[in-house]
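The values are calculated or read from the model by the stated rules, or taken from the named source; none is laboratory data. None of the values given here were measured: they were computed from a predicted structure. Here the Cβ positions follow ideal geometry from the backbone for every residue, glycine too, while neighbour counts run over all protein chains shown. Please note that ligands, DNA and RNA were not included when accessible areas were found on the heavy atoms of the full protein model with its side chains. Shrake-Rupley method; radii C 1.70, N 1.55, O 1.52, S 1.80 Å.
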Amino acid sequence: MNRYIDLLVLLLIGILIGANIWTTFVVAPVIFSHFDKKTAGEIMNLIFPYYFASGWIIGIVIYTLIGIKSIKDKVIIKKYLGFIIALSILVLSHMALHKTVLPMARTINYQYYQLLQENKKTEAEKLHSKFKTVHTVSSIINLFNLALEIYLFQYYFLRGRKEKEI
């Protein structure tokens, strides 16, 4: 049973890594290179909620799987403390992107295009500057999440191999 849980945890972390790389380095650049900024932004606004939500939902599923393993192995929390802390940070950062940063960016972007329609370009540029700041924060958190996901994968994979050797 533990072997299947370990495999599932690694698979889920691999899915997180793949989704992050695919969305960040393939989907977004392709969409922005084929559509105008407004349309590309609207398309990405359809994708981002699912992408960000999947991060924290998968994180909670991984917590649950670790909890199931802890039924048999009472010291697993001590063995995987670094993993659990990193997973906690990952879940919280995905939640922050999903529930705080994304709605903030959407609101600013909507107001920006509204002001452009009203020919209030000076005010619109101020909002565009705010949007760039929010986008930069979002991008940094997203890359941080990628680094955490890679760390989680190697931590769990190497820890599992080490336990098998003993």
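Any idea how many residues of region 42-66 are among the aliphatic types (A, V, I, L, M), closer than 25 Å to Phe157 by Cβ and open to solvent by less than 10 Å² (accessible area, probe 1.4 Å)?
Taking region 42-66 as the starting set, the residues that turn out to be among the aliphatic types (A, V, I, L, M) are 43-44, 46-47, 53, 57-58, 60-62, 65-66.
If we keep only those that are closer than 25 Å to Phe157 by Cβ as well, we get 57-58, 60-62, 65-66.
Cutting the leftovers down to open to solvent by less than 10 Å² (accessible area, probe 1.4 Å) gives us 62, 66.
Within region 42-66, residues that are among the aliphatic types (A, V, I, L, M), closer than 25 Å to Phe157 by Cβ and open to solvent by less than 10 Å² (accessible area, probe 1.4 Å) number 2.
In this structure, is Tyr156 in contact (Cβ under 8 Å) with a residue 60 or more places away in the chain and either in a helix (DSSP H, G or I) or crowded, with 17+ Cβ neighbours inside 10 Å (or both)?
Working: in contact (Cβ under 8 Å) with a residue 60 or more places away in the chain: yes; either in a helix (DSSP H, G or I) or crowded, with 17+ Cβ neighbours inside 10 Å (or both): yes.
Taking the combined requirement at face value, the residue satisfies it.
I need the full set of residues from region 65-87 which are over 15 Å from Asp6 (Cβ atoms) and charged (D, E, K, R), in order please.
Matches in region 65-87: Lys74, Lys78.
I'd like the residue in region 77-96 that is of a type in the set (Gly, Ala, Ser) and under 20 Å from Pro49 (Cα atoms) and, out of all such residues, is surrounded by the most Cβ atoms within 10 Å (Cβ to Cβ).
Per the criteria, the residue is Ser93.
Can you tell me which residue in region 133-151 is surrounded by the most Cβ atoms within 10 Å (Cβ to Cβ), limited to those that are within 16 Å of Lys99 (Cα to Cα) and either hydrophobic (A, V, I, L, M, F, W, C) or modelled with pLDDT under 95 (or both)?
So the first thing to find is which residues in region 133-151 are within 16 Å of Lys99 (Cα to Cα), and the list is 134-135, 137-139, 141-142, 145.
Subsequent filtering for residues that are either hydrophobic (A, V, I, L, M, F, W, C) or modelled with pLDDT under 95 (or both) retains 134, 137, 141.
Values: Val134: 18, Val137: 15, Ile141: 16.
Here the residue is Val134.
Return the pairs, sorted by first residue and then second, in which the second residue is of a type in the set (Phe, Trp, Tyr) and in a helix (DSSP H, G or I), the first residue lies in region 88-106 and is farther than 21 Å from Ala40 by Cα and free of Cβ contacts under 8 Å to residues at least 60 places away in the same chain, the beta carbons are less than 6 Å apart, and the residues are 6+ apart or on different chains.
If the second residue must be of a type in the set (Phe, Trp, Tyr) and in a helix (DSSP H, G or I), the pairs left are Val91/Trp56; His94/Phe52; His94/Trp56; Met95/Trp56.
Which of the following residues is modelled with pLDDT under 95 and open to solvent by 40 Å² or more (accessible area, probe 1.4 Å): Lys74, Lys130, Lys99, Lys69?
One residue alone meets the criteria, Lys74.
Contact list please: Cβ distance under 8 Å, first residue in region 111-126 and polar (S, T, N, Q), second residue crowded, with 16+ Cβ neighbours inside 10 Å, pairs at least six apart or on different chains.
Within 8 Å, the pairs are Gln111/Leu127.
Do we have Leu158 as modelled with pLDDT of 95 or more, within 24 Å of the chain's Cα centre (by Cα) and not acidic (Asp, Glu) here?
no
Name the residues in region 53-80 that are closer than 28 Å to Asn20 by Cα, touching a residue at least 12 places away in the same chain (Cβ under 8 Å), not β-branched (Val, Ile, Thr) and not in a loop (DSSP other than H, G, I, E, B), would you?
Ala53, Ser54, Gly55, Trp56, Gly59, Tyr63, Leu65, Lys69, Lys79
When region 9-41 is examined, which residues are found to be open to solvent by 20 Å² or more (accessible area, probe 1.4 Å) and touching a residue at least 40 places away in the same chain (Cβ under 8 Å)?
Leu10, Leu12, Gly14, Ile15, Ile17, Ile21, Thr24, Lys38 - these are the residues of region 9-41 that are open to solvent by 20 Å² or more (accessible area, probe 1.4 Å) and touching a residue at least 40 places away in the same chain (Cβ under 8 Å).
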